[in-house]
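Remarks on the structure that follows.
The values are calculated or read from the model by the stated rules, or taken from the named source; none is laboratory data. As the structure is a computational prediction, the values presented were derived from the model and not from experiment. Quick reminder, even Gly has a Cβ in these numbers, built from the backbone with ideal geometry, and neighbours come from all protein chains shown.
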Amino acid sequence: MLLRDGSAPSDQTRGSDAAPADAGKAGARGAVRAVLAGVGAYLPARVVTNAALAETVDTTDAWIVERTGIRQRHLAGPEETASFMATRAAAAALAHAGAGAAEVDAIIVATSTPDEAFPATAVRVQAALGVTRGFAFDIAAACSGFVYALATADAFIRTGAARGVLVIGSEVYSRILNWQDRTTCVLFGDGAGAVFLRAGDAHGAGILSTHLHADGRHGDILHVDGAVGRRDRPGHLMMKGQEVFRQAVTKLAAAVDEALAANGLTHADVDWLVPHQANRRIIDAMGKRLGLPAERVVLTVDRHANTSAASIPLALAEAVGDGRIKRGDLVLMEALGGGLTWGSALVRY
Ligand code: ACO
């Protein structure tokens, strides 16, 4: 069944029963690559510095900067929901790619802070963008959400189930933080980032590989202790910071090596590390491990704090937007988050 045939068949069932019309041109299944055609970002206007936080919770700018590298964060206003921010980031990514709504076959939103239990944030974004076909759904993998969503989109494109996919990370962690808990509330910020992936030549630019992992045995070291399905518990983010830190350093190092080995590449081939932005010390450790100079590691945690699933696409949009990441560069992304979930993606931009 065709994806871009204009006949708009029952969307949810498409993609499984036949290849798109031009799949034959690209060759057999798997002979296309998901190219990062456009990137976009959205950050709430309200900026809250460490000093401002220290007025309401027992902390200091010095403690936060020394332990995390965070200096400020953007926090959402009442109207800035996950779908609101995702829509704006997605529209920017489409504009950057020179793509219109008709090119969007699928929308995947990575979020742990959806507007509603259902429908998915992704369908709210679909409607807001004026996309009236294709399919849309959310992925919940906490801070690894964007890498999970990217891997899912890559699979749809490689199998021919979709040719244009919006992958968005959008989070309003300010709504699930306990603002009296200084061990967590200083660490997070709100925002959204998006990429538009387009099917391209199998031997050209695009996603080379993605690598996903989860280990539910560590579910309690980083979790939200409630949800809309739990009347008794609205839910706050809880974290055993040191344990998460320990897990992050070892698991991310392995995920990075795995991505390079899968492609017969070495540390020396990497042009840019675009890591999940949880903590500057973790990011520095990963950069060092790859032998990358600091200026080859995209850092936003100082200004955005940890925006969970939004942090990688926000960092990517910034470094592409200011001209640091150029076409042909090899970009390595990695993330670890609640679950535990973690993973990596290697992309030729
Ligand atoms: N201000 C001042 N003091 C504080 C603050 C604060 N905001 N928070 C904690 N402290 C105190 C603690 O109470 C403790 O005091 P004590 O020694 O008197 O008990 C002291 O500072 C040290 O606390 P630690 O927790 O040991 O500090 P640590 O150096 O481990 O840093 C941090 C904490 C920043 C959370 C770090 O462990 C970390 O970054 N962990 C990883 C986070 C991460 O990677 N998350 C993954 C993604 S998040 C997601 O998926 C949603």
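Just give me the residues in segment 254-291 being closer than 30 Å to residue 49 by Cβ, away from the ligand (no atom under 15 Å from the Cβ) and modelled with pLDDT of 95 or more, in sequence order. 272, 273, 274 - these are the residues of segment 254-291 that are closer than 30 Å to residue 49 by Cβ, away from the ligand (no atom under 15 Å from the Cβ) and modelled with pLDDT of 95 or more. The set of residues in segment 187-211 that are on the phi > 0 side of the Ramachandran plot and either within 16 Å of the ligand (Cβ to nearest atom) or in contact with a helix residue (DSSP H, G or I) (Cβ under 7 Å, 6 or more places away or on another chain) (or both) contains only 191. Each residue in segment 158-186 was checked for being under 20 Å from the mean Cα position of the chain (by Cα), away from the ligand (no atom under 16 Å from the Cβ) and among the small types (Gly, Ala, Ser), and 2 pass.
Any residue at all in segment 150-157 that's of a type in the set (Phe, Trp, Tyr) and within 16 Å of the ligand (Cβ to nearest atom)? Within segment 150-157 (the criterion being of a type in the set (Phe, Trp, Tyr) and within 16 Å of the ligand (Cβ to nearest atom)), the answer is no, since none of the residues qualifies.
Which one is surrounded by the fewest Cβ atoms within 10 Å (Cβ to Cβ), of the residues in segment 208-253 that are basic (Lys, Arg) and at pLDDT 90 or above? Among residues in segment 208-253 that are basic (Lys, Arg) and at pLDDT 90 or above, the one surrounded by the fewest Cβ atoms within 10 Å (Cβ to Cβ) is 217. Look at (1) in contact with a Leu (Cβ under 7 Å, 6 or more places away or on another chain); (2) over 26 Å from residue 183 (Cβ atoms); (3) in contact (Cβ under 8 Å) with a residue 24 or more places away in the chain and you find that residue 252 fails only one, number (2). Screening residue 235 with (1) more than 10 Å from the ligand (Cβ to nearest atom); (2) touching a residue at least 12 places away in the same chain (Cβ under 8 Å); (3) not in a loop (DSSP other than H, G, I, E, B) gives one miss only, at (3).
Name every residue in segment 53-83 that is β-branched (Val, Ile, Thr) and more than 30 Å from residue 137 (Cα to Cα), in order of residue number. Lay out the reasoning, then the answer.
Going residue by residue through segment 53-83, those that are β-branched (Val, Ile, Thr) are 56-57, 59-60, 64-65, 68, 70, 81.
Listed by number, the residues that qualify are 56, 57, 59, 60, 64, 65, 68, 70.
Residues in segment 292-328 that are away from the ligand (no atom under 16 Å from the Cβ), among the acidic types (Asp, Glu) and closer than 21 Å to residue 252 by Cα: 295 only.
Residues in segment 287-327 that are assigned to a helix (DSSP H, G or I), over 14 Å from residue 69 (Cβ atoms), of a type outside the set (Gly, Ala, Ser) and in contact (Cβ under 8 Å) with a residue 24 or more places away in the chain: 289, 296, 312, 313, 314, 316, 318, 320. Residues that are in contact with a Pro (Cβ under 6 Å, 6 or more places away or on another chain) and without any contact (Cβ under 8 Å) to a residue 24 or more places away in the chain within segment 71-110 are absent altogether.
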